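Here is the structure we will look at.
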Amino acid sequence: MKIEKYIRDIQGFPKEGILFKDITPLLINPEARTNCLKILVDSLEGKKIDKVVGAESRGFFFGMLLAQELNAGFVPVRKPKKLPYDTISASYELEYGSDSLEMHTDAIKKGDRVLIHDDVLATGGTAKAVCELVEKLGGEIVQCNFLMELTFLNGREKIKEYPVFAVLTY
């Protein structure tokens, strides 16, 4: 099955000049979704995972499925002031400024083996911030997983010290 058939290009979203990769068709199709999950799980063969960290918000979809499949805990990473308990934060640069992400302080225990998941690896800022959060709490990053990697944006360079896997590359 060709997973790329279930990724829809949307020209000019969220602004002119951007070609957005929409994963909605993948989420809608149970067979494609199951196949994609299998590819992601197979990339972790022989690796023990204690927690799956999903980045807001599209990282939650497959992040939760991965956690279920791996019998691991799921940890949401969110934008500021969206989590109700004590949090830690990490900032990252955007093309037009900066932003930050937060995680609960009790989400990762020292020595937890962690899989980080998001939908797209683009410039790498979000992924790097999530890695910083995990490591601040003493987690060991086993792998960073993505549905897609936009290689022309060189995001892998920001997280080059970690194993990276993407189902699709553009």
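The values are calculated or read from the model by the stated rules, or taken from the named source; none is laboratory data. Worth saying up front: this structure is predicted, and the values here are computed from it rather than measured. We place every Cβ from the backbone using ideal geometry, glycine too, and count neighbours over all the protein chains shown. Ligands, DNA and RNA are stripped out before the accessible areas are found, and what is left, the full protein with its side chains, is counted by its heavy atoms. Shrake-Rupley method; radii C 1.70, N 1.55, O 1.52, S 1.80 Å.
Residues of region 57-74 being buried (at least 18 other Cβ atoms within 10 Å of the Cβ) and either more than 15 Å from the chain's Cα centre (by Cα) or more than 23 Å from Thr169 (Cβ to Cβ) (or both), which ones?
Ala67, Leu70, Ala72, Phe74
If Thr123 satisfies every condition in (1) of a type in the set (S, T, N, Q); (2) at pLDDT below 95; (3) in a strand (DSSP E or B) but one, which is the exception?
Only one criterion is unmet by Thr123, namely (3).
Scan (1) touching a residue at least 12 places away in the same chain (Cβ under 8 Å); (2) open to solvent by 30 Å² or more (accessible area, probe 1.4 Å) for the single condition Glu161 breaks and write down its number.
(1)
Let me confirm something: among Val52, Val120, Val77, which residue is of a type in the set (A, V, I, L, M), buried (at least 16 other Cβ atoms within 10 Å of the Cβ), in contact (Cβ under 8 Å) with a residue 40 or more places away in the chain and touching a Gly at 6+ places or on another chain (Cβ under 6 Å)?
Just a single option satisfies the conditions, and that option is Val52.
Would you point out the residue of region 1-46, among those that are open to solvent by 70 Å² or more (accessible area, probe 1.4 Å) and polar (S, T, N, Q), that is farthest from Leu147 (Cα to Cα)?
For region 1-46, the residue satisfying everything is Gln11.
What is the residue count in region 137-158 for residues that are open to solvent by 60 Å² or more (accessible area, probe 1.4 Å) and either on the phi > 0 side of the Ramachandran plot or among the polar types (S, T, N, Q) (or both)?
So the count comes out to 2.
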